[in-house]
1. Name the strands (runs of 3 or more DSSP E) wholly inside region 194-290 in which the number of residues that are basic (Lys, Arg) and within 20 Å of residue 173 (Cα to Cα) is 1 or more.
2. Looking at residue 279, is it surrounded by fewer than 19 Cβ atoms within 10 Å (Cβ to Cβ), of a type in the set (Gly, Ala, Ser), within 10 Å of the ligand (Cβ to nearest atom) and under 21 Å from residue 349 (Cα atoms)?
3. Mind telling me which of the residues 395, 387, 399 ends up being in contact with an Asp or Glu (Cβ under 7 Å, 6 or more places away or on another chain) and either away from the ligand (no atom under 15 Å from the Cβ) or open to solvent by 40 Å² or more (accessible area, probe 1.4 Å) (or both)?
4. Based on what the data block shows, is residue 35 open to solvent by less than 10 Å² (accessible area, probe 1.4 Å) and either in contact with a Ser or Thr (Cβ under 8 Å, 6 or more places away or on another chain) or without any contact (Cβ under 8 Å) to a residue 40 or more places away in the chain (or both)?
5. With respect to residue 271, determine if the residue is touching a residue at least 60 places away in the same chain (Cβ under 8 Å) and open to solvent by less than 60 Å² (accessible area, probe 1.4 Å).
6. Suppose we filter 300, 347 for residues that are within 22 Å of residue 208 (Cβ to Cβ), in the same structural domain as residue 262 (by TED's automatic domain parsing) and in contact (Cβ under 8 Å) with a residue 12 or more places away in the chain; which single one remains?
7. Could you tell me which residue of region 48-79 is farthest from residue 120 (Cα to Cα), considering only residues that are open to solvent by less than 60 Å² (accessible area, probe 1.4 Å), of a type outside the set (Ser, Thr, Tyr) and within 29 Å of the chain's Cα centre (by Cα)?
8. Just need a number here: residues in region 235-257 that are within 13 Å of the ligand (Cβ to nearest atom) and in contact with a helix residue (DSSP H, G or I) (Cβ under 6 Å, 6 or more places away or on another chain).
Amino acid sequence: MDLAGKKIVLGLTGGIACYKVAEFTRQLTRAGASVQVVMTDAATHFITAVTMQAVSGRPVYTDQWDARIGNNMPHIDLTRDADAIVIAPCSADFLFKLAHGACDDLLSTLCLARPTGLPLLAAPAMNVEMWQNPATQRNVAQLRADGIRLLGPDAGEQACGETGMGRMLEPEQLLEEVIASFQPKVLSGKRVLITAGPTFEPIDPVRGITNLSSGKMGYAAARAAREAGAEVILVSGPTALATPYGVHRIDVHTAQQMLEAVMSRAGRQDVFIAVAAVADWRVANASQQKLKKTAGGDPPPLSFEQNPDILATVAALPDKPYCVGFAAESENLIEYGKAKRDKKGIPLLVGNIGPQTFGKDQNELILFDDQGQTHIARAGKQQLARRLMAEIATRLANRLSDSTQA
Ligand code: C5P
């Protein structure tokens, strides 16, 4: 569980997005967090303290003068063992209060009195005009300068009927952001390009050749790289997966399209991670029209040509990023893994241990580099992806220090 043992103070302020925060609370608790809800008076007009108590499983605080805390100082007591404060939704008024150090209710006082270093994350939610108003933008700039992390807002349809910036992030996105806030920023400021998923090579306009890659490992890598502080581009073949929050996704179908999407960006990247299961061959004589079957007729005479090797092409660039490849072998992984690393000309190759990882949630890895092999024990793909980012970051730092010493 990504938030096991974490204590989150969840502050609700006045906004219709409060209705989504019951679900967000459930997601936080399912991820292992214990959630202490604090609500402003305005928030209680949008969702009741009873609902928030039921979903968080803890008494809710709304009043500075609440006597349930021993020393009657909830504004101090509630944050002293917390790991983060999350304000969702954060109204325009509350952004103002945070920016100016106001403390005229329990939640604002608790924020002002938070221990130095306790992360404060705020998810703004308001009408587009309120968000764009220079007064709000001044407060936002001040909050960023003060080290308060803003989660969103997003653009789109608003409850008031208008459209634009100001929607609160969805509960799943907020959860991803809270989890991300606890991950070490080992790739801070780095640019990471990742390929993921299968490719789809057409036979005719409605048929094609693909493979069983689900994209899960590549998407987990993209999310982990973003969590580690990188700017991430994900070039993806067809998958049913949601884009990790904050990742720039480019959709492609064929290996040729994937190559073009990668090559037009590869020169500006620090790291390239090729996770996609790229088709080795494409149909050379794909039909522009749907192939028709005729009674007793012959099957279509398909011929194939080899696809470009995207990873090897990037690894051959003069200004290449740090290149990482994946290998899924059904036998002799150690022997084939070492050989594949050499053949592709890459510093790091990641071998999937086990006959079939496609579509599964768990995996086990072995890393091949110039020092030998490192085994990474079986775990969920997201955990493995986080570990992989740490391994990549260490090798990247060593490489940079080697090149500056040379
Ligand atoms: O050669 P093989 O397909 O076994 O190599 C797997 C690795 O190479 C993976 O990292 C995969 O993403 C990458 N690859 C590629 N372009 C291809 C074939 C594989 O980038 N055409």
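The values are calculated or read from the model by the stated rules, or taken from the named source; none is laboratory data. The shown structure was predicted, so the numbers you read here are calculated from the model rather than taken from an experiment. Positions of Cβ are generated from backbone atoms using ideal geometry, with glycine treated the same way; all protein chains shown enter the neighbour counts. Keep in mind that these areas ignore ligands, DNA and RNA; they rest on the heavy atoms of the full protein, side chains included. Shrake-Rupley method; radii C 1.70, N 1.55, O 1.52, S 1.80 Å.
1. 248-251
2. For residue 279, the condition - surrounded by fewer than 19 Cβ atoms within 10 Å (Cβ to Cβ), of a type in the set (Gly, Ala, Ser), within 10 Å of the ligand (Cβ to nearest atom) and under 21 Å from residue 349 (Cα atoms) - is not met.
3. 395
4. yes
5. Yes: the conditions hold for residue 271.
6. When all the criteria are applied, what remains is 300.
7. For region 48-79, the residue satisfying everything is 55.
8. 2
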